[in-house]
Amino acid sequence: MDTGLQLYNTLTRKKEIFEPLNAPHVGMYVCGPTVYSDVHLGNCRTFISFDLIFRYLTYSGYKVRYVRNITDAGHLEGDRDEGDDKFAKRAKLEQLEPMEIVQKYTLGFHDVLRMFNTLPPSIEPTATGHIIEQIEMIKEIISNGYAYEANGTVYFDVEKYSKEYNYTILTNRNMEDMLANTRELGGQDEKRGRLDFALWIKAKPETIMRWASPWGEGFPGWHIECSAMSAKYLGEEFDIHGGGMDLAATHHTNEIAQSEACSHKQPAKYWMHTNMLTVNGTRMSKTLGNGFLPEQLFKGEHVLLEKGFSPMTVKFFMLQAHYRSTLDFSNEALDASEKGFKRLMNAISLMDKLSPSESSDFEIGPIMDNCLKAMNDDFNSPVVIAELFEAVRIINTVYDGKGTISAIELDKLKKLMKDFVSDIFGLKAEDTSNLELNSVLDMVIELRKTAKENKDYATSDKIRLGLQSMGIQLKDSKEGTTWNKA
Ligand code: AMP
Ligand code: ZN
């Protein structure tokens, strides 16, 4: 099955013709969120990019099994198997059970992705639901000689592995440099080598999330869950493994090592990495605290935001960049995307009102071909968008009576818009009245505040009662005034 698709493979650092192991079936694994807090807009960019890839593979005729995990255990704050457990820490802070934290942020993650109109994966396995599989895999790695136990913790032996395999295959780094950049082992260290990482971590007395294992009570390291779950649902060798670029150097490098140490096979044929969403050039991240939540963006409630932007505007903004390019957040860029998205949706609604003529001034075939060519060239969505605006120009010209389109070409135009805008990009018309209402009410509330400050209570009451009669209730508190619809 040759669909003409080429994709960039991080493993080989070049674009390759996509040849799945077992066409038309495709196995795709994408590292999902760590659900100890809300996902920020950067995380969403990665999941929206893989949604585009999933949608396009499906559109091209592949039967995709898309596995995206939920990390709900085993994530420590430090990168080197140290620091507090993120879930336990958050649970203490919010006075909840760790699994309440997991449930709360998993639901929040699903809500956000639904707002962006992404498709659910075929399977969404959790780390806590696959402890047995992870233990079995660690046992296999130990019996193959690539891991060792030290005082209830199991470490992966990077030195032993790297003698037979290429540990830096994904990033092409130099082992000497990596060693030089890693802290030297101290007297109390249980690790044998500086680059060794934990597969299983011994529970401390205060550890809440703990499981019995052959090495005593503990919990799995972060990387092992993805190796165990991808092998379980997609096999020891599958087609695509993806995630954000920040995962390549450690998480994915260690995943490859674990899988090879277990099955002696490179788990994925194609490794795909999405680039980062940045703010003023710096990567948006939970740890740096510069990540705004999608909710804040929709409502415009963040110091960096001049106003709110709808989910489809934000998605359109993301699709205007190629998934392997960085994308910098700015109000101006979002403003431009808002205008562009409105123009596109407006043209689509006008398209249904066009009447066909006998002759046609326009041919849609070349636009369709260019869109397919762009998507087949490593999912080049910005080029597709430029082509779609050519279609917008045609719609507006015919609507203004300045050109004609035949019934056949009009059908092609409708198919173009349905295929690329709805099916492949997952964009849809949205009701923005609530967003507009938000901005109008912000202004009215500000006017009422000024009236009150000027002791003009007649005006402030008039505003409150007027809104009340429209079913909008104002609520004053120390923090300010909020509103809700009765
Ligand atoms: P996490 O919940 O931190 O494990 O991240 C979930 C996914 O989001 C991973 O694939 C990360 O690589 C990705 N990610 C994190 N920060 C960003 C960012 N600023 N831009 C794009 N993707 C990101
Ligand atoms: Zn992973």
Exercise for the section: In square nanometres and to one decimal, what's the mean projected area of the convex hull around the Cα atoms of the chain? Expected result: 28.5
Exercise for the section: In Å and from the alpha-carbon atoms only, list the Rg and Dmax of the stretch 204-348. Expected result: 20.5, 64
Fill in the blank from the handout: For the chain, the charge dipole (Cβ of Lys, Arg +1; Cβ of Asp, Glu -1; about the Cα centre) points to a positive end, and the Cα of LEU465, GLY129, VAL421 closest to that extreme belongs to LEU465
Problem - Potential lengthening between THR282 and MET443 on full extension [0.36 nm per residue; Cα-Cα distance subtracted] - result: 54.7 nm
Exercise for the section: Before rounding to the nearest 500, sum -39500 (n - 2.57) across all DSSP H runs of length at least 4 in the chain and divide by the residue total; then give [θ] at 222 nm in deg cm²/dmol. Expected result: -13500 deg cm²/dmol
Handout entry: Largest-first ordering by accessible area, 1.4 Å probe, given options ARG13, ARG393, ARG324, ARG448
Key = ARG393, ARG13, ARG324, ARG448
Practice task
For LEU195, tell me the accessible area in Å² from a 1.4 Å probe, rounded to the nearest 10.
Solution key: 20
Problem - Zero-based 10 Å bins, Cα pair distances in the stretch 433-485, whole percents - result: 24, 60, 16, 0
Completion exercise
At q = 0.17, 0.24, 0.25 1/Å the base-10 log of I(q)/I(0) from the Debye formula over the alpha-carbon atoms of the stretch 101-188 is -0.97, -1.17, -1.23
Exercise for the section: Give the accessible area for TYR165 in Å² (nearest 10); use a 1.4 Å probe, count only protein heavy atoms, and leave out ligands, DNA and RNA. Expected result: 50
Handout entry: Gain in span if fully extended, GLN266 to LYS307, counting 0.36 nm per residue against the direct Cα distance
Key = 10.1 nm
Handout entry: Shape metrics for the stretch 48-105, restricted to C-alpha atoms - Rg then Dmax, Å
Key = 17.1, 48
Problem - Using alpha carbons only: equivalent-ellipsoid semi-axes of the stretch 21-274, gyration tensor based, whole Å - result: 28, 24, 16
Exercise for the section: Express as a percent, rounded to the nearest 5, the fraction of DSSP beta bridges in the stretch 21-274 (both residues included) that run antiparallel. Expected result: 40
Fill in the blank from the handout: So, with points 7 Å from each Cα along the Cβ direction, the LEU354-LYS63 label distance in nm works out to 3.7
Practice task
Calculate I(q)/I(0) for the stretch 162-276 by the Debye formula, one identical point scatterer on each C-alpha and no solvent, and give its log10 at q = 0.11, 0.15, 0.19 Å⁻¹ to two decimals.
Solution key: -0.43, -0.80, -1.17
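Can you give me the % of accessible surface on the chain that is carbon or sulfur? Probe 1.4 Å, all protein chains present, nothing else counted.
Carbon and sulfur together cover 50 percent of it.
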Exercise for the section: Once you have the Kirkwood Rh of the stretch 215-264 from its Cα pairs, apply Stokes-Einstein at 20 °C and 1.002 mPa s and quote D in µm²/s. Expected result: 183
Problem - VAL303 accessible area, assembled protein chains, probe 1.4 Å, Å² - result: 140
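Provide the percentage of antiparallel DSSP beta bridges, counting only those with both residues in the chain; round to the nearest 5.
Of all bridge pairs located within the chain, approximately 50 percent are antiparallel.
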Exercise for the section: Give me the percent of Cα-Cα pairs in the stretch 375-424 that sit more than 12 Å apart, rounded to a whole number. Expected result: 68
Fill in the blank from the handout: Rounded to the angstrom and largest first, Cα extents along the principal axes for the stretch 1-77 equal 43, 26, 23
Problem - Accessible solvent surface per residue of the stretch 278-424, calculated while the other protein chains remain in place, 1.4 angstrom probe, Å² - result: 46
Completion exercise
To the nearest Å², the heavy-atom accessible area per residue of the stretch 201-259 with 1.4 Å probe amounts to 34
Exercise for the section: Determine the percent antiparallel among the DSSP beta bridges restricted to the stretch 31-182, to the nearest 5. Expected result: 60
Practice task
Mind ranking PHE309, PHE362 by accessible surface for me, highest first, 1.4 Å probe?
Solution key: PHE362, PHE309
Practice task
Could you tell me what fraction of 2.2 N^0.38 Å the Cα radius of gyration of the stretch 278-424 comes to, as a two-decimal ratio?
Solution key: 1.22
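The values are calculated or read from the model by the stated rules, or taken from the named source; none is laboratory data. All values derive from a computational prediction rather than experimental measurement. A quick note on method: Cβ atoms are made from the backbone with ideal geometry, for glycine too, and the neighbour counts reach across all protein chains shown. Calculation scope for accessible area: heavy atoms of the full protein, side chains included, ligands and nucleic acids excluded. Shrake-Rupley method; radii C 1.70, N 1.55, O 1.52, S 1.80 Å.
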